[in-house]
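Novice: Structure below; questions to follow.
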Amino acid sequence: GKGYAFVGEEHALTVGTKSYAVDLLFYNFILRRFIAIDLKRLDFKPEYTGKMNFYLSAVDAQLCRNEDNQSVGIVLCKDKDDLVVEFALRDIHKPMGVATYRTTSGLPKQLVRVLPSVQELKRQLQTKRI
């Protein structure tokens, strides 16, 4: 989308004497807020919202400036039960959502046409080493 900047993968947040890592962290210049994404290979569990709430509190306290809006969290998991998600988010006051992902064995046709093949990438790497 427009206005997004990639801040980091496994972005470190130190709270107290321990270090924690947000899977993906972005900043949106239009919305003026950080977007934290927690990637899960499993189905949604209610405890994921507590972890995301913790991350959002740390991001807001450590990274946000006065002009920034409250950070948003997305828990991206394999599958979810909507009622379990509703109960898990019911009393959470930070902007947070849960979404699922789908894996495929290949790239969509429109991307195959525009992205280089593995062979092309290998050729490019070989020519840069010379």
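The values are calculated or read from the model by the stated rules, or taken from the named source; none is laboratory data. All values reported here derive from a predicted model rather than from experimental measurement. FYI the Cβ positions are ideal-geometry reconstructions off the backbone, even for glycines, and counts take in every protein chain you see. Surface accessibility is based on the protein's heavy atoms, side chains included, excluding ligands, DNA and RNA. Shrake-Rupley method; radii C 1.70, N 1.55, O 1.52, S 1.80 Å.
Novice: Checking the condition in contact with an Asp or Glu (Cβ under 9 Å, 6 or more places away or on another chain), hydroxyl-bearing (S, T, Y) and more than 25 Å from D82 (Cβ to Cβ), which residue from Y48, Y27, Y55 passes?
Specialist: Result: Y27 is the single residue among Y48, Y27, Y55 that is in contact with an Asp or Glu (Cβ under 9 Å, 6 or more places away or on another chain), hydroxyl-bearing (S, T, Y) and more than 25 Å from D82 (Cβ to Cβ).
Novice: Just need a number here: residues in segment 46-74 that are outside any loop (DSSP other than H, G, I, E, B), open to solvent by 30 Å² or more (accessible area, probe 1.4 Å) and touching a Lys or Arg at 6+ places or on another chain (Cβ under 7 Å).
Specialist: The qualifying residues number 2.
Novice: Kindly provide the set of residues from segment 92-119 that are touching a helix residue (DSSP H, G or I) at 6+ places or on another chain (Cβ under 9 Å), under 30 Å from E47 (Cβ atoms) and loosely packed, with under 10 Cβ neighbours inside 10 Å, ordered by number.
Specialist: Residue satisfying the conditions is H93 alone.
Novice: While we're looking at this one, here's another question. Go through (1) of a type outside the set (K, R); (2) out of contact with any strand residue (DSSP E or B) (no Cβ under 8 Å at 6 or more places or on another chain); (3) closer than 25 Å to Y4 by Cα; (4) at pLDDT 95 or above and name the single condition V112 misses.
Specialist: (4)
Novice: Could you look through segment 75-90, keep only residues that are without any contact (Cβ under 8 Å) to a residue 40 or more places away in the chain and among the aliphatic types (A, V, I, L, M), and pick out the one that is surrounded by the most Cβ atoms within 10 Å (Cβ to Cβ)?
Specialist: V75
Novice: Taking the stated definitions as given, is A21 in contact (Cβ under 8 Å) with a residue 12 or more places away in the chain, touching a strand residue (DSSP E or B) at 6+ places or on another chain (Cβ under 7 Å) and either at negative phi or open to solvent by 30 Å² or more (accessible area, probe 1.4 Å) (or both)?
Specialist: Here the answer is no, as A21 does not meet what is asked.
Novice: Sticking with this structure for a sec: Does segment 29-40 contain at least one residue that is in contact with a Pro (Cβ under 8 Å, 6 or more places away or on another chain), within 21 Å of K2 (Cβ to Cβ), at pLDDT 95 or above and open to solvent by less than 100 Å² (accessible area, probe 1.4 Å)?
Specialist: No, that holds for no residue.
Novice: Right, something else. Using the structure shown, decide if D43 is free of Cβ contacts under 8 Å to residues at least 40 places away in the same chain and open to solvent by 60 Å² or more (accessible area, probe 1.4 Å).
Specialist: In short, yes.
Novice: Additional query: Check K94 against each of (1) charged (D, E, K, R); (2) in a loop (DSSP other than H, G, I, E, B); (3) farther than 28 Å from K2 by Cβ; (4) in contact with a strand residue (DSSP E or B) (Cβ under 8 Å, 6 or more places away or on another chain) and name the one condition it does not meet.
Specialist: (3)
Novice: Within the set of pairs 6+ apart or on separate chains, which have a first residue in segment 56-72 that is without any contact (Cβ under 8 Å) to a residue 40 or more places away in the chain, a second that is assigned to a helix (DSSP H, G or I) and buried (at least 16 other Cβ atoms within 10 Å of the Cβ), and C-beta atoms under 7 Å apart?
Specialist: Q70/D60; S71/L56; S71/V59; S71/D60
Novice: When residues of segment 1-18 are filtered for being touching a residue at least 12 places away in the same chain (Cβ under 8 Å) and not in a strand (DSSP E or B), how many remain?
Specialist: Looking only at that region, the number is 3.
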